[in-house]
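A short reminder: the numbers here are calculations on the coordinates, not readings from a lab. For clarity, every value in this text was computed on a predicted model and none was experimentally measured. Cβ coordinates were reconstructed from backbone atoms using ideal geometry, including for glycine residues, and neighbour counts include every protein chain displayed.
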């Protein structure tokens, strides 16, 4: 009898605990979030939002106009010099500035530098800084900050290689920065401002160690907080150097992370978020036709490709590579993987890049006869290739399957290895692959498109391609200051790179964002940068 | 000497027939058996029956719903879904059987030894199983796959490792109870060796819950493959597997809802079949259920 | 009793130690490391080596493990390789979401499973029994991501009744908290409920077939009286076991649901840590999950032991 009572009591107690803890389980979160708020806003700018940061969001209070933007990946570190994550840059684009930045047509325009002069020998660049720029912690921007930032990038950052030709960086006075080079660098502007990896930062947030979690820049929005339920919260920077134009218009932005593409799309359709960073290609048409939603679509500077390991036989034989390049059907691949939101291309630079586009298409489409004869000439039969792809870039999985079917027509057997991205990177770096497929993102200058991947000493030449003539052309082009001459050099280099199928290029995908109709003043960009500085929300 | 104890411990042949009768009186279990039989048939002959190749890409005709030419429609690359569902049966069944087989072969002996010998051996073995068990299953599978390389064989091993502790625990639990039974104590007092006791007396009598768990785990293994595929691991494209097909179908749901329906149904039907059989077996193998089955004729 | 408790706690600590070793070993066997992740496709051998050295990844593995362990014992789980935030902070920020979902799902599961399991056991063999069994079978047989997706499409997109993703803290808005919680809890809870239903049914059934129940029936007691007086007190031990197991699973294993609903839980944190080879975060997260799981197991075992003295001895 007694036992029965006890058991009942325990069962009821468990159930009651379940109910109570469910409701009060978040009770503990009060203390937790205030302590984390303290942890994440250590260098609290002079705002009132420190302790309330994570519980009372900018959107929740006092009729502020806050844009909720959904991104598909989680940013890693918020230190612009130390991240290669596109998700991080989507946020940092709005917090930091560079000396110069890409305009809408991807030419370089002034940002923190108002103007610049180049010496006659092209080895000295003098940048004149804009006056009255403040960091979000209240301090004025001075030339020493630029020197410090660039030195940090060179010595510790991920993008130091972009400064390879830089000799010295000095600040003769508070508003002038002088960069001297060891050789002429016609693409210096792109190197120092193509994206926020070379952002200008204040020294103090590095010294106190908060830069990775609490970015402070000169951009239109400043960082408020980061938490798993709120996402990354930014608020308007009242001291922004374009405040006289009434910018930024938004009171704040909240970047939420929705990793599942379908759920992210649904969130836009229900209006829970107002902007999403990508749309699955198969949904683009139906979304464009949907009420209340605008789809932004521009040809992009990304390109998809596959590369064969030239340190392995028989891929070192150029005829084998050319055979594959002839056998595949680029329009079919683009249609399958991108549902038409892409432009097939046998070179890297897209047609939309008017300054540098090289119209060259030496390969046939699905020409099995030519492919077969090339294979025969190389004495190769019953070829078997392992394509290394990753579901973290789902288009590569689709592309590989289509290519597998296309290559079957010339007797080539393709096996597909879908590994997670980091295994992919590891195998790529160790040369442990037959072929890998991926894309390169957000390129502007032709040096970005070709040097690192195809020069013998290129940092990212994992496929082992080496051609002395290409090397010399690329080296020359790097220092050629005459635009026309430079283009001619790149065209020549590209021709060889394409003919010899160092990479087999597939297509340039369009950049696609989508947003609710209430969002105005946002533009999808060719370099994929996400800028909300002129955006506003009609309510 | 030993024959006395054997007679005490082993089930007479008539009991086997009774179990079968009990099983077959369970309507759901019968349905399950029929479905499983069909599945195994498809698993063996799938490729031969399939009207199209599993990799016949046909982009212009992709994402169509069911038509006369394509009974289940086509997927995002224009491949025939019906053929792919048929051929995937083999893979999905393989995953189930091999993964669970692995778990059985490793887990049951561990449970036997732990439950029989008790003491320090029991403690150590069960703590090892606890370690595996308290690991979030999906994460363990993902980590193992990342180490071994993501292909279907390794997925089977990974899922097998994840399920091993369950079998160890269940076996151990039953062994603990059965060890106290009269015939085992009798055998021991009569001087039978441990090995003999384990194999002759204990194992047959703990078989029931193990068999039941096997059918249940088979069902879960197939679901695990689906989850791994959803996360982008497991079966390598373009080989079809229901889980991967379901995950892909989900991406194209707004264009063609049919793409994921049939693989999803296939998973549902297979898992349910395994579960029905498992439930039926459990009802049939439990000797106390005899009265339930007898009384079924009289209950309201 | 205290001796039993002390022994089990010691065993739990040993298990936790074992878990930490297994995680460490496993994640280091996986190709790639957080530095390679950070560099991405722009990999540079020199930079790679420098960064590895800076974060101490080039030290011998044993040294790295013991360094981590000694810090962990003082409560310092280190800092995320990926974004520099303290691991403890990352975990604690996600605990409310994880616990809430687990308990809500369990609540739904029990609300469904207890009545369904008991009734189908009492009416065993009847059409009602078959119906409940079949329904619970469907519940168990659906992959969780599929169920989740279907609910989102139905309730969020088509009907617009509930939000499709995200988490809102109870203190910010109880109504929003509930609205965001409902779909993920339903997704996991119905599946969990189906599993528990079957256990409830089978253990009630087993208890119903005991001799003393037949005696009670012969004495003329009604089915319901028998259930209350004889069956439930004896049947609920295995039920508590499976509930405990389910709770433990829900606290760290609902990775896929968290992914689909963008639910900021521990499972998703751990999944991301595996993908990005964020060693410290993974070790911390798995340790927490294992700790919660083992603690629940311990509580279940203690309840067991209170009621069945034989268990204490073994």
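Between residue A:168 and residue A:207, what's the calculated FRET efficiency when r is the beta-carbon distance and R0 is 35 Å? Round to 0.05.
After rounding to 0.05, the efficiency reads 0.90.
Could you work out how far helix B:258-285 tilts from the main Cα principal axis of chain B, as a 0 to 90 degree angle to the nearest 10?
It works out to around 10 degrees.
Which residue fluctuates most in the GNM of chain B (Cα springs below 10 Å): B:87, B:212, B:261?
Between B:87, B:212, B:261, it is B:261 that shows the largest mean-square fluctuation.
Relative contact order, percent, of chain A when contacts are C-alpha pairs under 8 Å separated by at least 6 residues?
18
Checking the a/c ratio against 1.5 first, then a/b against b/c, what shape does the Cα gyration tensor give for the protein assembly as shown?
prolate
Just check the stretch B:157-283 against the gyration tensor rule for me: Cα atoms, a ≥ b ≥ c as the square roots of the eigenvalues, rounded for a/c under 1.5, and otherwise prolate or oblate depending on whether a/b exceeds b/c.
Note, shape of the stretch B:157-283 comes out prolate.
Taking each residue of C:83-95 in turn, how many C-beta atoms of other protein chains fall within 10 Å of its C-beta, and what is the average?
Mean shielding count: 6.
Neighbour counts of other C-beta atoms within 10 Å: give me A:439, C:120 arranged from fewest to most.
A:439, C:120
For the stretch C:182-227, what class follows from the C-alpha gyration tensor (a ≥ b ≥ c being the square roots of its eigenvalues): rounded when a/c is under 1.5, otherwise prolate if a/b is larger than b/c, else oblate?
Verdict is prolate for the stretch C:182-227.
When ranked by the protection proxy of mean other Cβ atoms within 10 Å per residue, highest first, what sequence do the peptides C:102-111, B:18-27, A:295-304 form?
C:102-111, A:295-304, B:18-27
Based on DSSP H runs of at least 4 residues, each adding -39500 (n - 2.57), what is the mean residue ellipticity at 222 nm of chain B after dividing by all its residues, to the nearest 500 deg cm²/dmol?
Theoretical 222 nm ellipticity from helices: -24500 deg cm²/dmol.
Listed highest first by mean packing, meaning other Cβ atoms within 10 Å per residue, what order do C:123-131, A:333-341, C:71-79, B:199-207 come in?
Output ranking for C:123-131, A:333-341, C:71-79, B:199-207: A:333-341, B:199-207, C:123-131, C:71-79.
Order these peptides, B:164-172, C:80-88, by their mean beta-carbon neighbour count within 10 angstrom, highest first.
Answer by packing, highest mean first, reads B:164-172, C:80-88.
I'd like the antiparallel share, as a percent to the nearest 5, of DSSP beta bridges with both residues in chain A.
Among the beta bridges of chain A, antiparallel pairing accounts for roughly 75 percent.
Taking neighbour Cβ counts within 10 Å as the exposure measure, how do C:167, C:212 sort from fewest upward?
C:212, C:167
Consider all pairwise Cα distances in chain C and report the whole-number % of them above 36 Å.
The proportion of pairs with Cα distances above 36 Å equals 33 percent.
Kindly provide the helix-only [θ] at 222 nm of chain C, computed as the sum of -39,500 (n - 2.57) over DSSP H runs of four or more divided by all residues, to the nearest 500 deg cm²/dmol?
Per the formula, -24500 deg cm²/dmol.
Helix-derived [θ] at 222 nm for chain A: sum -39500 (n - 2.57) over DSSP H runs of at least 4, divide by residue count, nearest 500?
-10000 deg cm²/dmol
Could you work out the equivalent-ellipsoid semi-axes for chain A, taking the square root of 5 times each eigenvalue of the Cα gyration tensor, largest first, in whole Å?
They are 43, 34, 21 Å, listed from largest to smallest.
For the stretch C:29-96 and the stretch A:205-268, write down the distance between their C-alpha centroids in whole Å.
Centre-to-centre distance over Cα atoms comes out at 26 Å.
To the nearest 10 degrees, how steep is helix C:266-275 against the longest Cα principal axis of chain C, on a 0 to 90 scale?
Around 40 degrees separate the two axes.
What's the average, rounded to a whole number, of partner chain beta-carbon atoms within 10 Å of each residue's beta-carbon in C:253-263?
5
If you consider only alpha-carbon coordinates, what radius of gyration and Dmax does the stretch A:162-215 have, in Å?
13.6, 37
With the cut-off at 16 Å, report for the stretch A:115-209 the share of all Cα pairs above it, as a whole percent.
For the stretch A:115-209, the fraction of Cα-Cα distances above 16 Å is 55 percent.
The stretch B:188-226 to the stretch C:117-165: how many Å between their Cα centroids?
Spelled out, the Cα-based centre of one part sits 31 Å from the other.
Give me a single rounded figure for B:124-134: the average over its residues of other chain Cβ atoms within 10 Å of their Cβ.
Mean number of neighbouring Cβ atoms from other chains: 6.
How tilted is helix B:152-179 with respect to the longest principal axis of chain B? Cα atoms for both, answer in degrees (0 to 90, nearest 10).
Helix B:152-179 sits roughly 20 degrees off the main axis of chain B.
If you average 1/r over all unlike Cα pairs in chain B and invert the result, what Kirkwood radius do you get in angstrom?
It is 21.3 Å.
Kirkwood hydrodynamic radius (Cα pairs, Å) of the stretch B:88-246?
Averaging 1/r across every pair of different Cα atoms and inverting gives 16.5 Å.
Hey, any idea what Rg/Rh is for the stretch C:33-72, computing Rh the Kirkwood way over Cα pairs?
On the Cα set of the stretch C:33-72, Rg over Rh gives 1.07.
Determine the distance separating the Cα centre of the stretch B:97-156 from the Cα centre of the stretch A:494-539; give it in Å without decimals.
A separation of 47 Å, based on Cα centres.
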